[in-house]
Amino acid sequence: MNKVLIECDTLIDKYKLNKEGIIKQLETIKIEKDQNFIIAYDKDFRFTLVGEMNINNNSIILTNVIKAIDFRKIDNSDLFEFIKRQGVNRIKE
């Protein structure tokens, strides 16, 4: 289990995210080497968690939370139509 340090409490509060859920998610990340990470918040994919991993002391530091700017909920039929329109627009270009 990793030690989790959070440097962006204000963003977690601003976006009304579940801090305990984020800590649990980060505690289970497998550390292979010193590195930065960018992962989706597993409770809501509109949010991205950004931080640093330190293998020397098994700590994970969450430095930022990024919210998707242009998010809209769609179902599979909407997604299919969106992809189809993108293909048509590419052919015109």
Query - Arg85 open to solvent by 100 Å² or more (accessible area, probe 1.4 Å), at negative phi and either assigned to a loop (DSSP other than H, G, I, E, B) or modelled with pLDDT of 90 or more (or both) - result: no
Query raised in the report: Can you name the number of the only condition in (1) modelled with pLDDT under 80; (2) farther than 17 Å from Asn2 by Cα; (3) open to solvent by less than 80 Å² (accessible area, probe 1.4 Å) that Ile31 fails?
Result: (2)
Report summary line: Taking first residues from the stretch 31-46 that are assigned to a strand (DSSP E or B) and second residues anywhere that are at pLDDT below 90, the pairs with Cβ under 8 Å that are 6 or more apart or on different chains are Gln35/Met53; Asn36/Met53; Phe37/Ile29; Phe37/Met53; Ile39/Ile29
Report task. Pairs only if they're at least six apart or on different chains, beta carbon under 7 angstrom, first in the stretch 1-13 and more than 14 Å from Leu49 (Cα to Cα), second open to solvent by 40 Å² or more (accessible area, probe 1.4 Å); list them, first residue then second. Result -> Met1/Glu27; Asn2/Glu27; Asn2/Asn58; Lys3/Asn58
Requested in this report: Go through the stretch 60-74 and count every residue that is modelled with pLDDT under 90 and either in a helix (DSSP H, G or I) or open to solvent by less than 80 Å² (accessible area, probe 1.4 Å) (or both).
Outcome: 3
Query - Residue that is nearest to Ile23 (Cα to Cα), among those in the stretch 37-59 that are out of contact with any Leu (no Cβ under 8 Å at 6 or more places or on another chain) and open to solvent by 60 Å² or more (accessible area, probe 1.4 Å) - result: Asp42
Query raised in the report: Looking at the stretch 1-28, which of its residues are open to solvent by 40 Å² or more (accessible area, probe 1.4 Å), in a loop (DSSP other than H, G, I, E, B) and of a type outside the set (Phe, Trp, Tyr)?
Result: Met1, Glu7, Lys16, Asn18, Thr28
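The values are calculated or read from the model by the stated rules, or taken from the named source; none is laboratory data. As the structure is a prediction and not an experimental result, all values here were calculated from the model. Note that we place each Cβ from the backbone using ideal geometry, even for glycine, and neighbour counts take in every protein chain shown. Heads up: the accessible areas ignore ligands, DNA and RNA and are worked out on the full protein's heavy atoms, side chains in. Shrake-Rupley method; radii C 1.70, N 1.55, O 1.52, S 1.80 Å.
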